[in-house]
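The values are calculated or read from the model by the stated rules, or taken from the named source; none is laboratory data. Note that the structure is a prediction, hence the values are computed from the model and not measured. With ideal geometry, Cβ positions are generated from the backbone for all residues, glycine too; neighbour counts draw on all protein chains shown. Just so you know, the surface numbers come from the protein's heavy atoms only, side chains and all, with ligands and any DNA or RNA stripped out. Shrake-Rupley method; radii C 1.70, N 1.55, O 1.52, S 1.80 Å.
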Amino acid sequence: MNTHVGPVRSLHRVGFALLVVLAVVFGPSACVDSMPVSPARSVKPAATASGIVDGARLLIVLTTAGPPRSDLLAAIKAAGGRVERVHASIGVLIVSGMPAATARALAQRPDVKAVVADRRIPMVPPRWRYDAGMRHASFASGPGARGDPHLAQFYVDSTQWNMRVTKADQAWSVANQGSGARVCILDTGVDPGHIDLQGKIDATRDTSFVTAPDGSLEPVANDSVGHGTFVAAIVSSNGVGVASVAPQATLCAVKVLDNTGSGSFSDILTGIVYAADVGADAINMSFGGYVPANDPNALALVSVLQQGVDYAAGRGAALFVAAGNDAVNTNTGVGPSTNVLDSINLPVALQHIVSVGATGPVDQTNFDRIASYSEYGNAGVDVFAPGGDFVDTTQTKDLVISACSRFSDTVCSDGLHYAIGDGTSFAAPHASGEAAVIAAQSGFTVRGHVLDQCLLNSADELTGVRIDTRYGYGRIDVLTAARGCRTPWSFVP
């Protein structure tokens with residue numbers, strides 16, 4: 001069962017405590033003292049010149065946004081370096097092949113703020129729970145048929161308790177189900193051949209930024225981990241086997257994690273910028289990890305990712321991330337087995353994102369209970385959504401069900417099977433789907449930060465308090481948001 005990693009670790013309670021060590025060189029104009037971190041924490045990095053090695057992939061951060069100077073490009077080329085990507089909109093270059101000494105020298109240029117060594121780390125442990133009895137043979141619709149979400153098999157048989165708890169099912173009848181909205185899934189790819197995803201994914205916007213060992217790009221449709229496919233069908237599906245939050249929304253798959261479930265920060269940054277540029281109304285990122293708060297290299301990562309998130313938010317995208325699966329109280333930084341008081345949870349700690357924690361019942365009771373593995377506390381979790389739980393190991397219906405990638409397991413190779421799991425990774429796409437509903441229902445006048453606030457302010461106050469110290473804004477309520485988030489000014493209850 002599982003989930004991947006959320007902004008931190010989401011493969012079921014396998015904590016993705018990713019202690020990332022990034023190498024960074026700060027130039028004379030670098031200033032990271034004001035780098036956004038979590039609301040409860042302020043950190044000030046010291047400059048360092050350690051860690052960069054010959055030939056490493058580097059993120060060169062310019063002092064200002066815009067295209068790089070020609071003499072900088074010439075210096076990179078003269079040193080044998082190769083410019084892989086240019087993100088002029090945020091002033092970042094992705095470069096490889098240069099000697100370490102040259103990289104350090106570039107950091108001293110007046111037009112360079114920092115030179116950061118990229119890092120690839122495991123983010124999505126490939127573990128899933130299957131139920132061989134969940135086969136297409138029991139469906140009434142034929143392959144590829146689009147159906148009424150109310151008639152989806154696992155909604156009808158009450159397996160999809162998550163759609164009822166969030167009132168997504170009631171919103172299907174009063175809203176336009178996210179029609180016209182685009183949600184980009186930054187993940188391990190999305191299988192477009194699953195019966196519930198056929199026709200849901202915009203092939204003209206799908207892309208992969210992950211380089212395979214042979215130098216080619218890993219196909220975005222080849223989701224051998226299965227995580228991205230599972231996440232995607234929670235946002236939008238055909239309603240054959242599983243219903244979704246925003247059945248009429250369009251998906252775009254952006255592969256930033258490879259076929260081992262690992263990913264580099266440069267690929268993730270590239271994915272964020274790309275999703276913003278193709279007009280994403282919502283960006284779902286169910287991955288991440290903890291980095292040491294006293295590590296200047298890690299702080300450089302925070303700064304670069306923040307630039308990408310700021311850019312996306314500025315273009316009207318709402319960004320949703322999984323809160324984490326270590327049962328950490330974000331108000332204290334302490335969990336049952338992990339002390340993260342001196343760590344930063346990425347991308348949860350960034351500004352302009354919505355961090356989503358998980359709820360899950362036990363034996364189909366207490367549906368708004370905070371899941372046993374979920375992070376909680378208003379310092380790091382903004383809102384909650386169903387993620388499922390497996391406290392009662394006899395009750396698989398306490399888990400969340402979604403599409404199973406044909407490439408992730410032989411049992412799923414026919415495109416007719418479904419997986420079940422739990423984790424904050426599965427909570428986040430419920431919020432991304434709701435964002436699609438809000439944006440579409442408002443005629444796309446409610447977007448970005450205003451959409452974030454509408455989603456938060458329309459959540460159910462489970463304790464009668466907003467903002468609650470454990471639940472934050474509460475548990476998402478798609479129906480209330482669809483009815484009330486219709487103007488660009490405020491939520492109207």
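Summary of values
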item: Check: the range 330-409 dipole with +1 on Lys, Arg Cβ and -1 on Asp, Glu Cβ, in debye; result: 160 debye
item: Given charges at beta-carbon only (K, R positive; D, E negative), |dipole| of the range 345-491 in Debye; result: 500 debye
item: Charge context of Val210, other residues only, Cβ under 15 angstrom, K/R +1, D/E -1; result: -4
item: Kirkwood estimate for the range 158-263, i.e. one over the average of 1/r between Cα atoms, Å; result: 14.1 Å
item: Rounded to the nearest 10 Å², the accessible area of Val86 at probe 1.4 Å; result: 70 Å²
item: Nearest-0.05 FRET efficiency for Asn331 and Val174, computed from C-beta distance (R0 45 Å); result: 0.80
item: FRET efficiency estimate (nearest 0.05) - Cβ-Cβ, Leu151 to Glu461, R0 22 angstrom; result: 0.10
item: Cβ-Cβ FRET estimate between Asp54 and Val411, R0 fixed at 45 Å, reported to 0.05; result: 0.50
item: The range 439-493: C-alpha pair distances exceeding 17 Å, %; result: 32 percent
item: Dipole-positive endmost among Ser402, Thr332, Ala318 within the range 302-457 (Cβ charges, Cα centre); result: Ala318
item: Point-charge dipole on Cβ atoms (K/R +1, D/E -1) for the range 265-393, about Cα centre, debye to 20; result: 200 debye
item: Accessible surface ranking that places the most exposed of Thr270, Thr330 first, with a 1.4 angstrom probe; result: Thr330, Thr270
item: Net length gained if the chain between Asp392 and Thr469 were fully extended (0.36 nm per residue, minus Cα distance); result: 25.1 nm
item: Accessible surface of the range 343-493, 1.4 Å probe, proportion on carbon and sulfur as whole %; result: 50 percent
item: Gyration tensor (alpha-carbon) shape descriptor, the range 375-484, a/c threshold 1.5; result: oblate
item: Tail beyond 12 Å, pair distance distribution of the range 179-233 (Cα, percent); result: 65 percent
item: Solvent exposure ordering (accessible area, 1.4 Å, most first) of Thr365, Thr166, Thr204; result: Thr204, Thr365, Thr166
item: Exposure of Arg69 as accessible area (Å², to 10), given a probe of 1.4 Å and all protein chains; result: 120 Å²
